[in-house]
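Quick notes on the structure that follows.
The values are calculated or read from the model by the stated rules, or taken from the named source; none is laboratory data. Just so it is clear, the model here is predicted, and its values are computed rather than measured. Reconstructed Cβ throughout: ideal geometry from the backbone, glycine too, with neighbour counts over all protein chains shown.
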Amino acid sequence: MTRYHLIIAGLLAVFLISGCTPNNTRPDMQDSTGDLGEDTASPNKGASDIYVQLAVAYLREGQMDVALKQAKKAVDIDPTNVDARNVIALVYDRLGESSQAETHFKAGVRAHPKDPYIRNAYGTMLCRQNRFKEADVQFQAALKNPLYKTPEVALTNAGICDLARNDPVQAEVNLRNALQRNPRYATALMEMAKLSYDNGEYLSSRAYLQRYLAVASPTPSSLWLGIKTESQLGDRDAVASYSMMLRSQYPDSQEIQLLRDWDAR
């Protein structure tokens, strides 16, 4: 997998998954784009990929207009370039041009129907639009590829989508399957911590949160969950520790106001 595929992964994490989860949380989707198990050789692919790399570089700098132009040049050279389609789709999605984004997702899927990465990305956008059945079709299509290197990502996104459509039972099935594939996948650990808390399973919530913090940096939402969980378990020292971390590391976060309201009760 090339370097710019991995860069696109980070960009997808920032742009595509945001807003799909309940309570507007933003898990880090660590996935990639690109072909898998398909013969995608094209006489123009090398030239097209150069423009994709330029598009990704501009995206990293936040210059979405220039990135879009470069990615479109890549498609002009090779309309089947799935990475170019993915970049264009995520830019349009970020700009709120959902119909344009979907056009390019569909084009990428038509060109490479077995590519699990674009299927996962497309499913994520559909989930955010509350098109849950269509989203699940895309996630399942991604998971059907036996060469998919990160199936835990599609499984986690499917679980997040289950939560969005108020099906916590199926969400738990998908999230547990994700953790069977990768026990250290931070997003699935965090989602299971939140789900366990919502189910009143506070010891499980603590355990998942501890596993999450062992592999990922604390976020305002994870620290706030720690405060609530340890409060339910009666561990004042742990509550104080999480509170101190939240105040020192994220003094301007929304969770700080939640903590103030909590302390004022």
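When you go through GLN129, GLN140 one by one, which is the residue that is at pLDDT 95 or above, surrounded by fewer than 24 Cβ atoms within 10 Å (Cβ to Cβ), within 25 Å of GLU102 (Cα to Cα) and among the polar types (S, T, N, Q)?
On the way: GLN129 fails: at pLDDT 95 or above.
Of GLN129, GLN140, the one residue that is at pLDDT 95 or above, surrounded by fewer than 24 Cβ atoms within 10 Å (Cβ to Cβ), within 25 Å of GLU102 (Cα to Cα) and among the polar types (S, T, N, Q) is GLN140.
Residues ARG206, ARG184: which one is assigned to a loop (DSSP other than H, G, I, E, B), at pLDDT 95 or above and surrounded by fewer than 22 Cβ atoms within 10 Å (Cβ to Cβ)? Write out each step before concluding.
Working: ARG206 fails: assigned to a loop (DSSP other than H, G, I, E, B).
One residue alone meets the criteria, ARG184.
Does PRO218 qualify as being surrounded by fewer than 24 Cβ atoms within 10 Å (Cβ to Cβ), more than 18 Å from the chain's Cα centre (by Cα) and not in a helix (DSSP H, G or I)?
On the way: surrounded by fewer than 24 Cβ atoms within 10 Å (Cβ to Cβ): yes; more than 18 Å from the chain's Cα centre (by Cα): no; not in a helix (DSSP H, G or I): yes.
For PRO218, the condition - surrounded by fewer than 24 Cβ atoms within 10 Å (Cβ to Cβ), more than 18 Å from the chain's Cα centre (by Cα) and not in a helix (DSSP H, G or I) - is not met.
What residue, among those in region 79-126 that are assigned to a loop (DSSP other than H, G, I, E, B) and not acidic (Asp, Glu), is surrounded by the fewest Cβ atoms within 10 Å (Cβ to Cβ)? Walk me through it before giving the result.
As a first pass, look at region 79-126 and keep what is assigned to a loop (DSSP other than H, G, I, E, B): 79-81, 95-97, 112-115.
Filter again for not acidic (Asp, Glu), leaving 79-81, 95-96, 112-114.
Working: PRO79: 16, THR80: 18, ASN81: 29, LEU95: 14, GLY96: 8, HIS112: 23, PRO113: 12, LYS114: 18.
Ranking the qualifying residues of region 79-126, first place goes to GLY96.
Restricting attention to region 226-257, which residues are among the aliphatic types (A, V, I, L, M) and touching a helix residue (DSSP H, G or I) at 6+ places or on another chain (Cβ under 6 Å)? Quick ask: steps written out before the conclusion?
Of all residues in region 226-257, those among the aliphatic types (A, V, I, L, M) come to 227, 233, 238-240, 244-246, 256.
Matches in region 226-257: ILE227, LEU233, ALA238, VAL239, MET245, LEU246.
Tell me, please, whether a residue that is among the charged types (D, E, K, R), under 21 Å from the mean Cα position of the chain (by Cα) and closer than 18 Å to LEU54 by Cα can be found in region 97-105. If you could, list the steps in order and put the result at the bottom.
Residues of region 97-105 among the charged types (D, E, K, R): 97, 102.
Retained after the next criterion (residues that are under 21 Å from the mean Cα position of the chain (by Cα)): 97, 102.
From what is left, the residues that are closer than 18 Å to LEU54 by Cα are none.
The answer is no; no qualifying residue exists.
Would you please name the residue that is modelled with the highest pLDDT, looking only at residues in region 29-52 that are more than 17 Å from GLY108 (Cα to Cα) and buried (at least 17 other Cβ atoms within 10 Å of the Cβ)?
GLN30
Based on what the data block shows, is LEU147 touching a residue at least 60 places away in the same chain (Cβ under 8 Å), assigned to a loop (DSSP other than H, G, I, E, B) and out of contact with any Pro (no Cβ under 7 Å at 6 or more places or on another chain)? Walk me through how you get there before you give the answer.
Numbers: touching a residue at least 60 places away in the same chain (Cβ under 8 Å): yes; assigned to a loop (DSSP other than H, G, I, E, B): yes; out of contact with any Pro (no Cβ under 7 Å at 6 or more places or on another chain): yes.
It is true that LEU147 is touching a residue at least 60 places away in the same chain (Cβ under 8 Å), assigned to a loop (DSSP other than H, G, I, E, B) and out of contact with any Pro (no Cβ under 7 Å at 6 or more places or on another chain).
Which residues, taken from region 143-160, are aliphatic (A, V, I, L, M) and surrounded by fewer than 22 Cβ atoms within 10 Å (Cβ to Cβ)? Talk me through it step by step, then tell me what you get.
If we filter region 143-160 for residues that are aliphatic (A, V, I, L, M), which is where we start, we get 143, 147, 153-155, 158, 160.
LEU143, LEU147 - these are the residues of region 143-160 that are aliphatic (A, V, I, L, M) and surrounded by fewer than 22 Cβ atoms within 10 Å (Cβ to Cβ).
How many residues does region 164-173 hold that are farther than 23 Å from ALA101 by Cα and either surrounded by 24 or more Cβ atoms within 10 Å (Cβ to Cβ) or among the small types (Gly, Ala, Ser) (or both)? It would help to see each step written out before you state the result.
At the first step, the residues of region 164-173 found to be farther than 23 Å from ALA101 by Cα are 166-173.
Going one step further and asking which of them are either surrounded by 24 or more Cβ atoms within 10 Å (Cβ to Cβ) or among the small types (Gly, Ala, Ser) (or both), we end up with 171.
Looking only at that region, the number is 1.
Step by step: first the residues of region 69-78, then only those that are surrounded by 19 or more Cβ atoms within 10 Å (Cβ to Cβ) and free of Cβ contacts under 8 Å to residues at least 24 places away in the same chain, then the one that is farthest from the chain's Cα centre (by Cα). Which residue is that?
If we take residues in region 69-78 being surrounded by 19 or more Cβ atoms within 10 Å (Cβ to Cβ) and free of Cβ contacts under 8 Å to residues at least 24 places away in the same chain, then GLN70 is farthest from the chain's Cα centre (by Cα).
Taking region 244-265, which residues are within 23 Å of LEU195 (Cβ to Cβ) and assigned to a helix (DSSP H, G or I)?
Across region 244-265, the qualifying residues are MET245, LEU246, GLN254, GLU255, LEU258, LEU259, TRP262.
Among the listed residues ILE160, ILE227, which satisfies the condition of being closer than 24 Å to GLU255 by Cα, over 19 Å from the mean Cα position of the chain (by Cα) and modelled with pLDDT of 95 or more?
Working: ILE160 fails: over 19 Å from the mean Cα position of the chain (by Cα).
Result of the check over ILE160, ILE227: ILE227.
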